[in-house]
Structures are given as structure tokens and as C-alpha cells.
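Report on the following structure.
Any read-out appearing in this document is the output of simple, stated calculations on the displayed coordinates, not a laboratory observation. From a predicted model like this one, the values you see are computed outputs, not experimental measurements. Cβ: placed from backbone, ideal geometry, glycine included. Neighbour counts: every protein chain shown.
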Amino acid sequence: MTGSAQALKLFAATSRMIEHELDQIERSFGIDLSREHRDSLGQDEEYYPQIEQDIRSEAAQMAPHYETFYSLEKTVRRQVADTLSAAEGPNWWNTQRIPAAVRSNAENAQKKEIDSGVTPRSDHPIDFCTFGELGEIIKTNWDLFGSTFSSIKAVERVMSNLNTLRAPIAHCSPLAADEVLRLTLTVKDWFRLME
């Protein structure tokens, strides 16, 4: 990845975080900064009003953090898939590049979803990997990712922090103010690893 592409990614991530902070200011103070910004949800008008206002307000405050983490996790997945595909070709998932336990876990999760009768989230097993497993794939393939990231220990630390921050976001718990700041800094750390 070129320096300008990395700088552009960092700029986009920073811009998204600023937008989220402005959204929070608008909600907190009940103001409209006339940013022509869409509402976060098109709520179900029949059932959503029955949910208590404090829960709906908390959900609105957490939505930007979910969006940040969703976007980052999808970015990491794409980066892993693109890097391995460039090295091994389109059948990279079935090579020794993927640790056996990671492959097995992802394929079992994919089969379980198919067997449940719901619409599968994806046709590719990497979309069934946990965030921690994505980190394992990166570490296992450091010969490919070492030129992208500055340090394997730094990748482990940042991935661990992100995995810890992911839990309250994924399990519908509010992030404390310090953890919101930690999320912002950790996302910046992730992109800084690629400088």
C-alpha cells in the first residue's frame, strides 16, 4: 500500500470519527447543525415507540461506535482476503496459510448458519472468522503482512485492544467515556501501524 493510500485511509477514518462526534453533540444538546445528515434509523413505527426512551437514546449514542467497529472489521477482513488472494490465488482459503483451527471454526459457523435456515451472511468462510481469528491469520502469515505493518507485537496489542472494545459494542452495552476515547485512539493506532 502506498503512503498516499494509507494517508487517505487515515483521513477517512478520522473524518468518520469527527462526524460521529458531531452527531453526538447534536443529540446531547438537541440541536441541528444543518449538516444535512440522515437520521441513524428508519424505525419500525409500530413497535419501536414501545421501547423506553432511555434505551432508544442509549442505542442512538452507541450507533456510531458500532458503525466505526463494523467498518474497521470489514476493512481488516478485506485486507486479509486481498493479501492472501494476491499471494495464493482465488483458492487461498484452502491453503496452509489459514490455520486449521481457524478454518474449522469458520466453516462450522458457516454450516450452522446454513442449517438454521436463515439467509447466509456470506458465501466466504472468512466472513465467519472472529476478530481474534483474523489476528491469528495475520500473525501466521507475517511473511506477507510484515511489509504492511510495522511490528507483529504492535498488531497483537492493537487487535487485543480492539477485541476487548468490541465486546460491549457487540453485546449492546454502553461504552464508558474513557472507552469511547480508547476506541478512537485504537482505530488511529490500527491505521498508524500501516504507515
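For the range 3-192, compute the number of Lys pairs whose alpha carbons are separated by less than 19 Å, excluding pairs fewer than 8 positions apart on the same chain.
Taking the range 3-192 as the scope, the lysine pair count is 6.
For the chain, which span is the longest to avoid every loop-located (per DSSP) member of trypsin sites (Lys or Arg not before Pro) having at most 10 other Cβ atoms inside 10 Å?
That gives 39-195 as the longest site-free run.
Taking the dipole about the Cα centre of the range 3-192, with the C-beta of Lys and Arg at +1 and of Asp and Glu at -1, give me whichever of LEU175, TYR66, TRP190 is farthest to the positive side.
Toward the positive end, the furthest listed residue is TRP190.
Under unit Cβ charges (Lys, Arg +1; Asp, Glu -1), what dipole magnitude, rounded to 20 debye, does the chain have relative to its Cα centre?
With only Lys, Arg, Asp and Glu charged at Cβ, the dipole is about 900 debye.
As a test of understanding, state the convex hull volume per residue of the chain from its alpha carbons, in Å³.
Dividing the Cα hull volume of the chain by its residue count gives 150 Å³.
Based on the Cβ-Cβ distance of ASP82 and ILE18, what FRET efficiency does E = 1/(1 + (r/R0)^6) give at R0 = 35 Å, to the nearest 0.05?
Using R0 = 35 Å, I get an efficiency of 0.80.
Indicate the helices, whole DSSP H runs only, in the chain that combine a mean Kyte-Doolittle hydropathy of -0.5 or more with a Cα extent along their long axis of 30 angstrom or more.
3-29
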